[in-house]
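Some notes on the structure that comes next.
The values are calculated or read from the model by the stated rules, or taken from the named source; none is laboratory data. Keep in mind that what you see is a predicted model, and the values were worked out from it rather than measured. When we count neighbours, we look across all protein chains shown, and the Cβ atoms used for this are built from the backbone with ideal geometry, even at glycine. To get the accessible areas, we keep the full protein, side chains included, count just its heavy atoms, and leave off ligands, DNA and RNA. Shrake-Rupley method; radii C 1.70, N 1.55, O 1.52, S 1.80 Å.
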Amino acid sequence: MSCLLHRLLPSIVSSIFLVFATTPALAQPAGARGENFLYRVIAGDTLIDLAQKYTTTSSNWTILQSLNSVEDPFRLSIGTELKIPFSLIPELPSPAQVSHISGEVSVNNTPAKLEDEVAEGSNIRTGANGFITLALADGSVLSVPAASSMQIERLRVFKGTGLIDTIFSIQDGALESSVAPRATGVGRFEIRTPVSITGVRGTSLRVRASDNGAQSEVLSGSAQLNSSQAGNATLRPNQGAAVNAHGKLLGIRPLLPAPALTEPVRGGQGWTASFPPIPGAVSYLVRVATDDAGHHLVSSKHFDAPDITFSASRPGTYYVIVRAVDADGVMGKDAILPFLGRTVLNSSDGSAVFSGYGEFVQLTEF
């Protein structure tokens, strides 16, 4: 038996080597930090292979070795995070697509349209009741609410990885994002304001900017918040922070809880609802969307008290989304309720009746 095993051992070893050699290593993106892409080592990785895979030049392994203080480029500890400079990774343009639009929205001073492609360098503006949602190549979703002004500074994908490299700059207003929802990782995703930079790794994030400063809130995942006076701060799930107009961090705090909405009551002007006041809240943001994730917004309004009204101009199921706002402008968790839009006149076959102007014939409710 030992002689047989001795004769078979070379072929067994060869077969095992062939299996590992022909099994493709799965990319293990771990996010980004500063100007570096982060990669988490898996079994079989070498610096030469990683340099070829991500930079298309195997000789760049020496740069990776120096940057990461690696003693042996052929012996990498599994689970170690390696830094790979973004400057070494080739990139390709990766336009976003308009997946939702409502009200007045312009891209580069031209009215936006559904399914338009939006390229790097574009400027987006939403009117007083304008909303737009963009879909990125990796499945990330960006929602720009009313009265916002934003520039897309970078909109690319790292070649061969499927990971996006994006930078959005908010001059005024807000941007809400669901980043890398497929859990594939993200190369770089930054939202910049005049006083802060928020960088994320696959997360649900909100950022706003105004003359008074900026606010960031993380619902899931994590984010790095940078400001001129605060340096770096980490936001964990269900945490938010505000930065004042001078770049001073006003403190990381837990998000205010979601309001406990009562069953809404329908009336002639739409719906009304009330709920117990949220301790620490100074106002409440009430939005209406056609989806429960709030990506497809159609209206937005602030209320000073926990007695709210809302409506939808068309028939169908809508969602009211309510969140509390603290004194620094940091917003809390969402409460979400479905409701029905306007009641319209239907014909005998059940289809809606339109007026001569192409609008639904709406019924008054009492």
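Numbers below:
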{"quantity": "Distance between modelled label sites at residue 43 and residue 78, nm, 7 Å Cα→Cβ extension", "calculated": "0.5 nm"}
{"quantity": "Anisotropy class of segment 49-143 from Cα gyration tensor, a/c 1.5 cut", "calculated": "prolate"}
{"quantity": "Candidate aspartates and glutamates for bridging to residue 53, where Cα separation is under 12 Å - those fewer than 8 sequence places away on the same chain excluded", "calculated": "45"}
{"quantity": "Phi to ³J(HN,Hα) by Karplus 6.51 cos²θ - 1.76 cosθ + 1.60 over segment 98-106, Hz, x for Gly, Pro", "calculated": "6, 9, 7, 8, 8, x, 8, 9, 10"}
{"quantity": "Debye, to nearest 20: dipole size of segment 170-308, +1 on Lys, Arg Cβ, -1 on Asp, Glu Cβ", "calculated": "420 debye"}
{"quantity": "Residue 244 paired with residue 91, simple spin-label distance in nm, labels 7 Å along Cα-to-beta-carbon", "calculated": "3.5 nm"}
{"quantity": "Cα coordinate range in segment 49-93, projected on the principal axes (Å, largest first)", "calculated": "34, 20, 16"}
{"quantity": "Residues of type aspartates and glutamates that residue 83 reaches as a straight line, Cα spacing below 12 Å, ignoring anything fewer than 8 places off in the same chain", "calculated": "35"}
{"quantity": "Sequence-distant lysines (8 or more away, or on other chains) whose Cα lies within less than 26 Å of residue 333", "calculated": "248, 301"}
{"quantity": "Carbon plus sulfur fraction of accessible area for segment 254-300, probe 1.4 Å, in percent", "calculated": "60 percent"}
